[in-house]
Amino acid sequence: MSENAAHQHDTQHHPHDGGAGLSGGTLAGGAAIGGPADAAATWDERYRSKPQMWSGKPNPQLVREAGGLRPGKALDLGCGEGADAIWLAQQGWTVTAVDVSAVALDRARSHEKAALARESVHAADGAIASRITWQQADLEQWQPGASFDLVTAQFLHSQELAWQGPLRTAASAVKPGGTLLVVGHHPDRLPPWGGAGHHHRGMFYTGDELVQELGLAGPGWQLEVQTSRERPVTGPEGQQATIADVVVRATRLP
Ligand SMILES: C[S@@+](CC[C@H](N)C(=O)[O-])C[C@H]1O[C@@H](n2cnc3c(N)ncnc32)[C@H](O)[C@@H]1O
């Protein structure tokens, strides 16, 4: 799923940084990120401010990187309104999708219901069952109780959440032979209309920072993709810009 323009280029933009105050520790790069702020209340308020925050389409780097994988169990961290999880389920994955916002998850459930109804119309044997478990949790503390064939985190950027901990959790949840896929806004190529939150460098990571933090160049991992991909996006007033996605994909060695 995708921010209407910062993540996707063919839809209207809604910024994803709602101007909440910062709290917590200071990261390299100088921005204060994370801490005890009520992430659930903050993100619920952001979601409530718009009937739809993101495009409703799966993120393009997810489609590109996961489209060729054999489906199994997938974990989507910071799933938002659910488009990535729904797309994965449609590809045959059994998905656990986690987000701190109950408002976003309610929307995700209703998008899934609509998608299942559409699929069921074409199914020979009636209604299609859900393959997604939606879970409300704060990734600052949450630990997965299982391991997964695919763990994906797409644009898990938040002023209230330092990315290092949740993305280390993401890496630890990958099964031997499984795939870790992390995608984010490149800190030097952010959408120009991103709002105050985009000034907090600590919310974002380069591919090098990510690979180093998660140890993906070391033993135990095969680093398949570490790149930055440009993408045209359209802003809230119809402005055109080119941003870049940091894309890191790695396989945990058996
Ligand atoms: C920028 S949005 C990205 C959503 C989605 N992955 C996408 O690509 O459009 C970040 C998401 O992370 C979620 N999030 C922020 N802080 C979180 C936390 N502490 N625990 C779990 N989810 C969190 C937000 O609710 C939001 O849905």
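The values are calculated or read from the model by the stated rules, or taken from the named source; none is laboratory data. Fair warning: this is a prediction, and the values are worked out from it, not measured in the lab. Note that each Cβ is placed from the backbone with ideal geometry, even for glycine, and that neighbours are counted across all protein chains shown.
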Got a number for residues in the stretch 81-106 being in a loop (DSSP other than H, G, I, E, B) and either touching a strand residue (DSSP E or B) at 6+ places or on another chain (Cβ under 8 Å) or within 12 Å of the ligand (Cβ to nearest atom) (or both)?
5
Go through the stretch 94-105 and give me each residue that's touching a Lys or Arg at 6+ places or on another chain (Cβ under 8 Å) and surrounded by fewer than 24 Cβ atoms within 10 Å (Cβ to Cβ).
T94, T96, V103
Only one residue in A137, A146, A66 is buried (at least 16 other Cβ atoms within 10 Å of the Cβ) and either at pLDDT 95 or above or within 14 Å of the ligand (Cβ to nearest atom) (or both), so which one is that?
A66
If you check S158 against the conditions, is it exposed (fewer than 15 other Cβ atoms within 10 Å of the Cβ) and within 16 Å of the ligand (Cβ to nearest atom)?
no
May I ask you to say which residue of A127, A117 is touching a helix residue (DSSP H, G or I) at 6+ places or on another chain (Cβ under 6 Å), modelled with pLDDT under 95 and small (G, A, S)?
A127
All conditions in (1) outside any helix (DSSP H, G or I); (2) touching a residue at least 12 places away in the same chain (Cβ under 8 Å) are true of P51 except (2)
Those residues of the stretch 151-172 which are under 11 Å from L77 (Cβ atoms) and in a strand (DSSP E or B), in sequence order:
V151, T152, A153, Q154, L161
